Amino acid sequence: MLLLGLDPGLASTGWGLISADGNRLTHVGNGQIRTDSALSLPTRLMALDMALTDLILEHRPDGVAVEEVFVNTNPQSTLKLGQARGVILLAAARSGMDVGEYAARLVKKAVVGVGNASKEQVHAMVARLLPGVKIAGPDAADALAVAITHAHHLASARRIPSK
């Protein structure tokens with residue numbers, strides 16, 4: 001199963017693609033989708049949608065997972081993050097994929113073992129869980145962590161019999 005993890009941001013959206021075969025996880029790709037801050041907000045959101053749509057069409061993942069929005073001290077930043085996240089959810093839903101959503105604390109707990117882990121700890125654990133990976137930056141590391149969390153949750157759901 002090919003899973004795409006996304007760490008939303010207007011300036012930089014991290015993406016991470018992994019293959020999950022039971023408990024075996026393999027790195028497929030990662031990177032960042034950047035938008036130009038000199039452009040208008042609608043143009044930046046459209047650029048994010050187009051780049052994400054291209055990524056989805058190129059790799060055809062089976063599922064996608066997105067980190068939930070946390071509240072910044074700056075309300076404008078939170079609003080822009082929410083708008084970028086909305087574009088990301090729309091692009092994923094438009095492709096017909098199931099979308100998992102995970103709080104940052106849950107992702108950190110799933111990957112590192114504690115919900116208050118630092119970005120450096122997340123990065124280190126992602127590198128350990130996906131040997132040989134060259135991570136494109138902090139946003140990409142977070143996106144890979146989201147994909148790993150999604151893979152673990154899907155595997156757990158398959159092990160639990162439905163009634």
Pairwise label distance in nanometres, Leu57 with Arg128, each label 7 Å out on the Cα-Cβ vector = 4.0
Cβ under 11 Å from Ser95's Cβ, Ser95 left aside: what net charge do those residues give with Lys, Arg +1 and Asp, Glu -1?
-> 0
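Using the heavy atoms of the protein chains and a 1.4 angstrom probe, tell me the accessible area per residue for the chain in square angstrom. Walk me through the numbers on the way to the answer.
Numbers: 8660 Å² over 163 residues.
I get 53 Å² per residue for this part.
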Note down the nm distance, to one decimal, between modelled labels 7 Å out along Cα→Cβ at Thr73 and at Ala47.
-> 2.8
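Relative contact order for region 61-113: what is it in percent, counting Cα pairs under 8 Å that are at least 6 residues apart? Display every interim value, and only then the final one.
Values: 43 pairs, mean separation 27.9, N = 53.
For region 61-113, the relative contact order is 53 percent.
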Round to the nearest 0.05 the FRET efficiency obtained for Val114 and Arg94 when R0 = 41 Å and r is the Cβ-Cβ distance.
-> 0.70
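Would you work out what percent of the accessible area of the chain, with all protein chains in place, is carbon or sulfur (probe 1.4 Å)? Mind dumping the intermediate values first?
On the way: 4780 of 8660 Å².
Carbon with sulfur: 55 percent of the solvent-accessible area.
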Could you work out which residue, out of Ile56, Ile88, Ile148, moves most in a Gaussian network model of the chain, that is, has the largest mean-square fluctuation with Cα springs under 10 Å?
-> Ile56
How many angstrom separate the Cα center of region 83-128 from the Cα center of region 1-46?
-> 10
Return the inverse of the average 1/r over all pairs of distinct C-alpha atoms in region 56-142, which is the Kirkwood hydrodynamic radius, in Å to one decimal.
-> 14.5
Residue by residue, what Karplus-based ³J(HN,Hα) values in Hz, rounded to whole numbers, does region 141-154 have, using 6.51, -1.76 and 1.60 with θ = phi - 60° and x for Gly and Pro?
-> 4, 5, 5, 4, 5, 5, 5, 4, 4, 4, 4, 5, 5, 5
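Could you order Val107, Val28 by accessible surface area, starting with the largest, using a probe radius of 1.4 Å? Write out the running numbers ahead of the final one.
Working: Val107 5, Val28 70 Å².
Of Val107, Val28, the descending order of accessible area is Val28, Val107.
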Shape of the chain from its Cα gyration tensor (a ≥ b ≥ c, root eigenvalues): rounded if a/c is under 1.5, otherwise prolate when a/b > b/c, or oblate?
-> prolate
When only C-alpha pairs under 8 Å and at least 6 residues apart count, what is the relative contact order of the chain, in percent?
-> 32
Using a 10 angstrom cutoff on alpha carbons, build the Gaussian network for the chain and name the most mobile of Thr26, Thr43, Thr13.
-> Thr43
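The values are calculated or read from the model by the stated rules, or taken from the named source; none is laboratory data. Keep in mind that this is a model prediction, so the values were computed, not measured. As a convention, Cβ positions derive from the backbone with ideal geometry for all residues, glycine included, and neighbour counts pool all protein chains shown. For accessibility, only protein heavy atoms count, side chains too; no ligands or nucleic acids. Shrake-Rupley method; radii C 1.70, N 1.55, O 1.52, S 1.80 Å.
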